[in-house]
1. Tell me, what is the FRET efficiency for SER204 and GLU359 to the nearest 0.05, using R0 = 35 angstrom and their Cβ-Cβ distance as r?
2. Which of the residue pairs LYS165/LYS223; LYS68/LYS403; LYS87/LYS129; LYS252/LYS294; LYS14/LYS166; LYS153/LYS396 have a Cα-Cα distance greater than 27 Å in the structure shown?
3. Which residues in segment 189-213 have a backbone N closer than 20 Å to a point placed 7 Å from the Cα of MET1 along the Cα-to-Cβ line?
4. Just need log10 I(q)/I(0) for segment 228-293 at q = 0.21, 0.26, 0.28 Å⁻¹, Debye formula, equal scatterers on the alpha-carbon atoms, no solvent, rounded to two decimals.
5. What dipole magnitude, in Debye to the nearest 20, does the chain give about its Cα centre under +1 on Lys/Arg Cβ and -1 on Asp/Glu Cβ?
6. For segment 21-66 and segment 251-276, what is the separation of their C-alpha centers, rounded to whole Å?
7. Give me the aspartates and glutamates in straight-line cross-link reach of LYS121: C-alpha distance below 13 Å, same-chain residues under 8 apart excluded.
8. Once the Cβ-Cβ distance between ARG64 and ARG276 is put in as r, and R0 is 45 Å, what FRET efficiency do you end up with, to the nearest 0.05?
Amino acid sequence: MADIRPFCATRPQKEKASHIAALPYDVMDTAEARAEIEKEPLSFLRIDRAETSFPDDVAFNDPRVYEKAASLLSGMIENGDFLTDEKRFYYIYELTMEGRSQTGIVAVASADDYRHGIIKKHENTRADKEKDRIEHVSACSAQTGPIFLAYRKNDVIASVTEKTKKEPCEYDFVSPDGIRHRVWIIKEDGDIERIRDAFSATDSIYIADGHHRCASAVKVCLKKREEAGESADPDAEYNYFLSVLFPDDELKILDYNRTVADLNGLSEERFFDRLRKKFDIETKEGQVFRPERKGCIGMYISGTWYALSLKEPLTTDDPVENLDVSILQNEVLSPILNIEDPKTDSRIDFIGGIRGLSELCRRVDSGRAAVAFAMYPTSIDELFAVADEGKLMPPKSTWFEPKLRSGLFIHKF
């Protein structure tokens, strides 16, 4: 059963929340982070991307960068930019984008639940990306970016959430990208107990976004336990990691699209000949084509959009093989374009749906890519099905929006 606990959050002073809250560290590069910090000096990117405090020749994983992150965080706390609650609370974090809201419970989740498969993953992680966050979390003695978790809708949690949202909120601001962020604190002991009991009766929770942050937090926990030896405290804060948990019926997954740099030495005519062996191809002359159903893939090449549909529907019950991103990989990217490992092949690039199909056109039209593929979004039910079977999706299968802000909640240990 899931151990999802309230905690004493370190969080911004009310009047500074909108200035501190920042997009996750991994959705932008160093130059973009520098530009954000120049516009907003209090941005939490100063801490999450502390290489921005150094000249360009200092790498993001230089030991001085992690030391600087810890120093900046301590300085902001000492300066009074943040406060730390003295009692353990759950918090409610609502994000509203284009009229659609999703409301999560901010809490800390058990590292052992991740190790034992109660908190389920659907992606593999890369050692280099894990190491970066391990060093960052260890230096700061804190988790600064929440893991985005999902659970099947629960009426008890929904009831407490609805009740609490009728009270005045702690934070209420609109970020520069137009997302409204509101936060409430669940303060009543009875409500806190109801939330904890409801999660305790839950046998599966799913990582939606933040696999590297999650894996890193767990490895820091295991390192702390090893250092403590027999005196390790099972209730120590390092045994838990910062999370926001959302009900599945409120989540929206966007498409995660692909571009490929070349046609693997094939002429365009030969490329189409290879495609026709497996797909029916419909020309979408003069229009941008966004797939409107599962099993259909959009393709943009030489200024024209096409719709690709398998000639023979899949008959497998394997939840991974049934994914549209798997169909593209297994029927096009690997056998035709010779992209065997999309995690490491430099010829493929991944474009989050938030950038729109115009970004695919731009890359192909500019010559940066030879062909682009527009995907129908993976569903939350598909994500759950893959994770429940202990399997893994191909890389870059899901893109969640809106993104949780870093800096609104910090879990110190």
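1. Values: r = 35 Å, r/R0 = 0.99.
The calculated FRET efficiency here is 0.50.
2. On the way: LYS165/LYS223 39 Å; LYS68/LYS403 25 Å; LYS87/LYS129 33 Å; LYS252/LYS294 15 Å; LYS14/LYS166 19 Å; LYS153/LYS396 25 Å.
Going by Cα-Cα distance, LYS165/LYS223; LYS87/LYS129 fall outside the 27 Å limit.
3. The answer is 189-206, whose backbone nitrogens lie closer than 20 Å to the label point.
4. -1.13, -1.30, -1.33
5. Values: 58 positive and 75 negative charges, 89 e Å.
Using only the charged Cβ atoms, the result is roughly 420 debye.
6. Centre-to-centre distance over Cα atoms comes out at 34 Å.
7. Reachable aspartates and glutamates: ASP113, ASP209, GLU382, ASP388, GLU389.
8. Working: r = 56 Å, r/R0 = 1.24.
The value I calculate is 0.20.
Quick note: the coordinates plus some simple rules give every number you see, no bench work behind them. Computed from a predicted model, the values in this text were never measured in an experiment. We place every Cβ from the backbone using ideal geometry, glycine too, and count neighbours over all the protein chains shown.
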